[in-house]
Amino acid sequence: MKNGTAILNSATATEKHRLDLAALQPGIPLRLTNVSWDDYLGFLDFLGDRYYRTSYADGEFEILMPTSTHGVWVAILGRLILALTEELDLPIKSLDPTTLRRDDLERGLESDRCFYLENEPQVRGKLILDFNIDPPPDLAIEAEVASSVARRMGIYASLRVPEVWRYSDAGLTINQLATAGDFVVAERSRFFPQVPPSELVRFMHRYEQMGERELIKSFREWVRRQIAVGWKGGE
């Protein structure tokens, strides 16, 4: 290790552990055990800019090729969050997607999408973030299509990400990091307490009836109406 970064030829990791990207199927994770932290860094180097959802903790490496449904959910939910911050005039820095990792904890993953909100001023203007030094993102979103993200939630907790939104066919759950270090389900987001999760789900479902531009436009109009009436709810 040098300055907290492993110097490792990416071939070393792939020789020790079989990682056949051609064999991956969308939505079906591949898990490798007895993987060292240096090997994990080697896998990341091997993957380069190719987007796979990976995670590492306790010697287990997981890699998943996202499905097209997964991509749609992440894109729409991310745009709803961006629209909210614009209509509410809130600061935001988006990371889309990025590897969150802590060398000292030997934990890491690629979030589907994450955002700085309250901590945005601390990372404003930075093109390269070091999560060993910089604060973690305030909010991450996870789309669940083919597999549970329960293990990934444990990594988010270790990385001290304050809030994770989990979206699936069952709906949207707001998970907030408690003082004990575990996530608990909350009724509202701490960053957007005005907005019931059910309303976000309602607009997510509209993707099946309208184009993306029309969907985001209708959401913005709904937000403006709510602001006008003091967030009393309703159409």
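Just so it is clear, none of the values below were taken in a lab; they were calculated from the coordinates. This one's a predicted model, so the numbers in the text were calculated from it and none came from an experiment. Cβ sites come from the backbone with ideal geometry, for glycine too, and all protein chains shown count toward neighbours.
Overview of values
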{"quantity": "DSSP-defined antiparallel bridges as percent of all bridges, the chain, nearest 5", "calculated": "85"}
{"quantity": "Expected-Rg normalisation [2.2 N^0.38 Å, Cα atoms] applied to segment 53-103", "calculated": "1.49"}
{"quantity": "Equivalent ellipsoid, the chain (semi-axes from 5 times Cα gyration tensor eigenvalues, Å)", "calculated": "33, 20, 15"}
{"quantity": "FRET efficiency for residue 124 and residue 150, using Cβ-Cβ distance with R0 set to 25 Å, rounded to 0.05", "calculated": "0.15"}
{"quantity": "J(HN,Hα) series, segment 46-52, from Karplus relation 6.51 cos²θ - 1.76 cosθ + 1.60, nearest Hz, glycine and proline x", "calculated": "5, 6, x, 8, 5, 8, 10"}
{"quantity": "Nearest-ten-degree value, helix 68-87 long axis tilted from longest Cα axis of the chain", "calculated": "50"}
{"quantity": "Rounded D (µm²/s) - segment 77-175, Kirkwood Rh over Cα pairs, Stokes-Einstein at 10 °C, 1.306 mPa s", "calculated": "113"}
{"quantity": "Dipole axis of the chain (+1 Lys, Arg; -1 Asp, Glu on Cβ), positive-most option in 23, 210, 109", "calculated": "210"}
{"quantity": "Extent along principal axes [Cα atoms of segment 174-216; Å; largest to smallest]", "calculated": "43, 18, 14"}
{"quantity": "Listed residues 119, 132, 34, most fluctuating in the chain (Gaussian network, C-alpha, under 10 Å)", "calculated": "34"}
{"quantity": "Order of 93, 126 under a 10 Å beta carbon neighbour criterion, fewest first", "calculated": "126, 93"}
{"quantity": "FRET efficiency, 1/(1 + (r/R0)^6) with R0 35 Å, evaluated for residue 95 and residue 58 via beta carbons", "calculated": "0.90"}
{"quantity": "Residue 23 versus residue 87: modelled label distance in nm, points set 7 Å from Cα along the beta carbon direction", "calculated": "4.8"}
{"quantity": "Kirkwood Rh and Cα Rg combined as Rg over Rh, evaluated for segment 129-232", "calculated": "1.02"}
